[in-house]
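Novice: Structure provided below as structure tokens; questions to follow.
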Amino acid sequence: MLLIDNDGVSLRNTRYGDVYRSVSGCLQESEWVFVEPAWQMIERLASHGRTQFHVLELGFGLGFNLSVFLDRWLKRAKPSWRCYVQSIELHPLGLDEYRRAWAAVAGPPATELVERWLHCFDADGAYALPGIHRYALHSNFWFDFFVADVSMALKRLHTSFDIVFLDGFSEAANPSMWRSEVFRDLRRHLYEGALLLSYASAKSLRDRLSALEFDVSREPGFPPKRFRLEARYRPYRRIKPFCPKPAVEDLMIIGAGLAGQCMALAARARGIQGVLIDAKLQQDCDSQAHLPAFLEHLHCSPDDNEMARLSRAALLSSYRLGSAQGSEGLSPLVSCRLQLLYRSEARAEWAKRLNALLAHSEASFNPWPALFQVLDEYRLCLPRSRAMALPNQLAFPQRQAFVARLDLHDGRWQAFDESGQLIASAATMVLTSPQALVKLGFNHAMPLQRKPGVSLLIDISSVDPLHPVWQIKSILADQQHVLRLAAPDRLLVGSLYGEPNDIEARSSLLDALQALLAMDASLFDVLSNAPSVLWRGVRFNAPDHLPMIGAIADRHQVGEQWERLRKNARLPMPRLEQAYTLTALGARGALWAPFGAEILLDMMQSIPCPLEADLLAAIDPARGLIRAMRRGEPLSGTIGHL
């Protein structure tokens, strides 16, 4: 989509037939039109006590504005400040196209500017997949690259902004960017007094903004343009200002399984201390407390539904967090998943899914091979899917106890055992145990489904080194999966759902293993006769199979406001003070637990979440209550159960 004109004057987008900017002076234009006015706004906000700033860009283009703004931030921002920039772009370019464009702009000095963010973009092109991609460009500067149509993106945003860069192609080339409907949607995401900046200053644009409660002015433009636009949002109604939540002092996590430990790991990485409470001892004392591996399990659907978008966001976040934080979090064991399509119905289903996704790629290249690669008719490679393991030690100390009661006293949550003895207290509480969520009365109108399962662990340490089992280097999957683990050497085969007896479970899992490996009978007999053990566990999921991640509803206040809430969908759901849940992860615990922990910490710390508003609503623990209201049901009977 990128064309550098032969005359060396402009960078042109062939899809829109419009130029990005003048090659001579594009960085100076960014500085004059966007960055300098934005910086004056930031300094004005800082003089009134603000330390966190939110910037929205409509039209990322070649990243000129981000580069110049980041350069200004690194030179002049105070250490206590934090900035979150979100840029919406429907048609991302390839990495080589970005580099070619910047090489044509200004040579080596400009290359240094662009590499500050471009080196974070995924080499396999995953940054161009639909959704929000978060990159930490500095210790106090975060960049969200939102790949979406601007109209859809503004409907899915959940953050409010102080500054907006309106930098799309011209109205003649890209009319959808400049429609009144876009600005109406934009208003919902602006603080009072928010500043909108643009190179465009046509009277029709000024009239549209004025009709939508903006104070519009024309300022001197960057030559050859005579004017640029500044518009301040001055709504007639009063808008709630930015009010950050108090700093998280400490954290009490009830449930020390996979979700609880991921929550503790993420909190420790942000400098938060706390305690884990669970009646069952975890790996510090019992190495058999959990499975040795958890699989990141993607979902692929022809309509790219909520489940698919959520699992994709979680998977990409997992890789980026691992890159940024080093050893924090889950440890990768096996990379790459081979989906075996021996069954004709499996081949047909996957072909339907992938054809639908490939037909809707908006980038200048196809980014979907970052997640799905067709090797041949019978094999599909998922290169980013992995098997993960919990660390050997807990991130927080564990209190071995059963929580019978939770109270909020003087701004601190207190956990008591069955005898009434205090177990622990903290300013913030997270429930990661589904049983505790229900028994303590915090699950409302969302009955959780119990799914027992069984896996098989086969000891292969004594198997002949020439046996083909040692050639297994990836996850092999169909309806079940198999992977080879090291130290100690084992095969993990799973999972079989239900509660079969040991003989039935072992027989079914060995049959699945034989189908996956496609070995001669004599070679397979070596594995089937090797020492093995069954591992049984229970997973919980909501009826819609989506996780429960977010703030817990305050049922007492909900009861008092039930009729008002039922009649007005815009009213916020009352929530308990500093009480959250991360549970009901089902078969995607390794995928959703680390991501959910980051989402909760963002909520606790008043940080914009890198997830669209409709997905946050889809995983809201109060969604059962909200649906009950919409159906006109009474409050009675909305307590969830297992």
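The values are calculated or read from the model by the stated rules, or taken from the named source; none is laboratory data. Small disclaimer: the values here were computed from a predicted structure and weren't measured. FYI the Cβ positions are ideal-geometry reconstructions off the backbone, even for glycines, and counts take in every protein chain you see. Heads up: the accessible areas ignore ligands, DNA and RNA and are worked out on the full protein's heavy atoms, side chains in. Shrake-Rupley method; radii C 1.70, N 1.55, O 1.52, S 1.80 Å.
Novice: Could you please find all residues in the stretch 598-609 being in contact (Cβ under 8 Å) with a residue 24 or more places away in the chain and either more than 14 Å from the chain's Cα centre (by Cα) or over 19 Å from Arg623 (Cα atoms) (or both)?
Specialist: Start the filter on the stretch 598-609 by keeping residues that are in contact (Cβ under 8 Å) with a residue 24 or more places away in the chain, which leaves 598-601, 603-609.
Residues satisfying the conditions are Glu598, Leu601, Met604, Gln605, Ser606, Ile607, Pro608.
Novice: Then there's this: Just to be sure before I move on: is Pro383 in a loop (DSSP other than H, G, I, E, B), surrounded by fewer than 20 Cβ atoms within 10 Å (Cβ to Cβ) and either in contact with a strand residue (DSSP E or B) (Cβ under 7 Å, 6 or more places away or on another chain) or at positive phi (or both) in the structure I sent? Before you say what the answer is, go through the steps one by one.
Specialist: Details: in a loop (DSSP other than H, G, I, E, B): no; surrounded by fewer than 20 Cβ atoms within 10 Å (Cβ to Cβ): yes; either in contact with a strand residue (DSSP E or B) (Cβ under 7 Å, 6 or more places away or on another chain) or at positive phi (or both): yes.
No; evaluated as a whole, the condition is false for this residue.
Novice: Next up: What are the residue pairs meeting all of these: first residue in the stretch 188-215, first residue farther than 26 Å from Ala173 by Cα, second residue surrounded by 16 or more Cβ atoms within 10 Å (Cβ to Cβ) and of a type in the set (Ser, Thr, Tyr), Cβ atoms under 7 Å, and 6 or more apart or on different chains?
Specialist: Leu190/Ser160; Leu190/Tyr233; Tyr191/Ser160; Glu192/Tyr233; Gly193/Tyr233; Ala194/Tyr233; Glu213/Tyr233
Novice: Considering only the stretch 486-506, state which residues are exposed (fewer than 13 other Cβ atoms within 10 Å of the Cβ) and polar (S, T, N, Q).
Specialist: Residue satisfying the conditions is Asn501 alone.
Novice: Residues that are over 17 Å from the mean Cα position of the chain (by Cα), without any contact (Cβ under 8 Å) to a residue 40 or more places away in the chain, surrounded by fewer than 18 Cβ atoms within 10 Å (Cβ to Cβ) and more than 23 Å from Phe372 (Cα to Cα): does the stretch 120-131 have at least one?
Specialist: No - not one qualifying residue is present in the stretch 120-131.
Novice: Identify all residues within the stretch 257-296 that are of a type outside the set (A, V, I, L, M), modelled with pLDDT of 85 or more and within 20 Å of Leu492 (Cα to Cα); write none if there are none.
Specialist: Here is the first cut: in the stretch 257-296, the ones of a type outside the set (A, V, I, L, M) are 257, 260-262, 268, 270-271, 273-274, 278, 280, 282-288, 290, 292, 294, 296.
Filter once more, so that each one left must be modelled with pLDDT of 85 or more: 257, 260-262, 268, 270-271, 273-274, 278, 280, 292, 294, 296.
Answer for the stretch 257-296, where residues must be of a type outside the set (A, V, I, L, M), modelled with pLDDT of 85 or more and within 20 Å of Leu492 (Cα to Cα): Gly257, Pro292, Phe294, Glu296.
Novice: Anything in the stretch 517-529 that is over 13 Å from Leu492 (Cβ atoms), surrounded by 12 or more Cβ atoms within 10 Å (Cβ to Cβ) and aliphatic (A, V, I, L, M)? List them, or say none.
Specialist: Once the filter is applied, which keeps residues that are over 13 Å from Leu492 (Cβ atoms), surrounded by 12 or more Cβ atoms within 10 Å (Cβ to Cβ) and aliphatic (A, V, I, L, M), the stretch 517-529 yields Leu517, Met519, Leu523, Val526.
Novice: Do you know which residues across the stretch 545-567 are loosely packed, with under 15 Cβ neighbours inside 10 Å and touching a residue at least 24 places away in the same chain (Cβ under 8 Å)?
Specialist: If the condition is that a residue be loosely packed, with under 15 Cβ neighbours inside 10 Å and touching a residue at least 24 places away in the same chain (Cβ under 8 Å), then His545, Gly559 are the ones that fit.
Novice: If you check Leu625 against the conditions, is it farther than 16 Å from Ala313 by Cα, surrounded by 21 or more Cβ atoms within 10 Å (Cβ to Cβ) and at pLDDT below 95?
Specialist: Details: farther than 16 Å from Ala313 by Cα: yes; surrounded by 21 or more Cβ atoms within 10 Å (Cβ to Cβ): yes; at pLDDT below 95: yes.
It is true that Leu625 is farther than 16 Å from Ala313 by Cα, surrounded by 21 or more Cβ atoms within 10 Å (Cβ to Cβ) and at pLDDT below 95.
Novice: Taking the condition surrounded by fewer than 16 Cβ atoms within 10 Å (Cβ to Cβ), within 27 Å of Ala103 (Cβ to Cβ) and either in contact with a Lys or Arg (Cβ under 9 Å, 6 or more places away or on another chain) or in contact (Cβ under 8 Å) with a residue 60 or more places away in the chain (or both), does Ala136 pass?
Specialist: Numbers: surrounded by fewer than 16 Cβ atoms within 10 Å (Cβ to Cβ): yes; within 27 Å of Ala103 (Cβ to Cβ): yes; either in contact with a Lys or Arg (Cβ under 9 Å, 6 or more places away or on another chain) or in contact (Cβ under 8 Å) with a residue 60 or more places away in the chain (or both): yes.
Answer is yes for this residue.
Novice: In this structure, is Ile239 open to solvent by less than 50 Å² (accessible area, probe 1.4 Å), at pLDDT below 95, hydrophobic (A, V, I, L, M, F, W, C) and not in a helix (DSSP H, G or I)? Even if it seems obvious, please write down each step before you answer.
Specialist: Working: open to solvent by less than 50 Å² (accessible area, probe 1.4 Å): yes; at pLDDT below 95: yes; hydrophobic (A, V, I, L, M, F, W, C): yes; not in a helix (DSSP H, G or I): yes.
Answer is yes for this residue.
Novice: Mind listing just one residue for me: the one in the stretch 245-283 that is in a loop (DSSP other than H, G, I, E, B), open to solvent by 10 Å² or more (accessible area, probe 1.4 Å) and in contact with a Lys or Arg (Cβ under 9 Å, 6 or more places away or on another chain) and, of those, nearest to Ala436 (Cα to Cα)?
Specialist: Among those that are in a loop (DSSP other than H, G, I, E, B), open to solvent by 10 Å² or more (accessible area, probe 1.4 Å) and in contact with a Lys or Arg (Cβ under 9 Å, 6 or more places away or on another chain), it is Asp278.
Novice: Continuing with this model, one more query. Could you go through the stretch 189-196 and let me know if any residue there is among the hydrophobic types (A, V, I, L, M, F, W, C), over 17 Å from Gly59 (Cβ atoms) and in a loop (DSSP other than H, G, I, E, B).
Specialist: Within the stretch 189-196, none of the residues are among the hydrophobic types (A, V, I, L, M, F, W, C), over 17 Å from Gly59 (Cβ atoms) and in a loop (DSSP other than H, G, I, E, B).
Novice: Let me confirm something: among Ala356, Ala395, which residue is at negative phi and in a loop (DSSP other than H, G, I, E, B)? Give the steps one after another, and end with the answer.
Specialist: Values: Ala356 fails: in a loop (DSSP other than H, G, I, E, B).
The match here is Ala395.
Novice: Here's another thing I want to ask about it. Can you run down the residue pairs with Cβ atoms below 7 Å, 6 or more apart or on separate chains, where the first is in the stretch 508-534 and free of Cβ contacts under 8 Å to residues at least 12 places away in the same chain and acidic (Asp, Glu) and the partner is buried (at least 17 other Cβ atoms within 10 Å of the Cβ) and in a loop (DSSP other than H, G, I, E, B)?
Specialist: Close Cβ pairs (under 7 Å, with a partner that is buried (at least 17 other Cβ atoms within 10 Å of the Cβ) and in a loop (DSSP other than H, G, I, E, B)) do not exist here.
Novice: Assess whether Ala618 counts as being in contact (Cβ under 8 Å) with a residue 24 or more places away in the chain, under 17 Å from Ile132 (Cβ atoms) and either crowded, with 19+ Cβ neighbours inside 10 Å or in contact with an Asp or Glu (Cβ under 9 Å, 6 or more places away or on another chain) (or both). Step through it out loud before you land on a result.
Specialist: Working: in contact (Cβ under 8 Å) with a residue 24 or more places away in the chain: yes; under 17 Å from Ile132 (Cβ atoms): yes; either crowded, with 19+ Cβ neighbours inside 10 Å or in contact with an Asp or Glu (Cβ under 9 Å, 6 or more places away or on another chain) (or both): yes.
Criteria met by Ala618.
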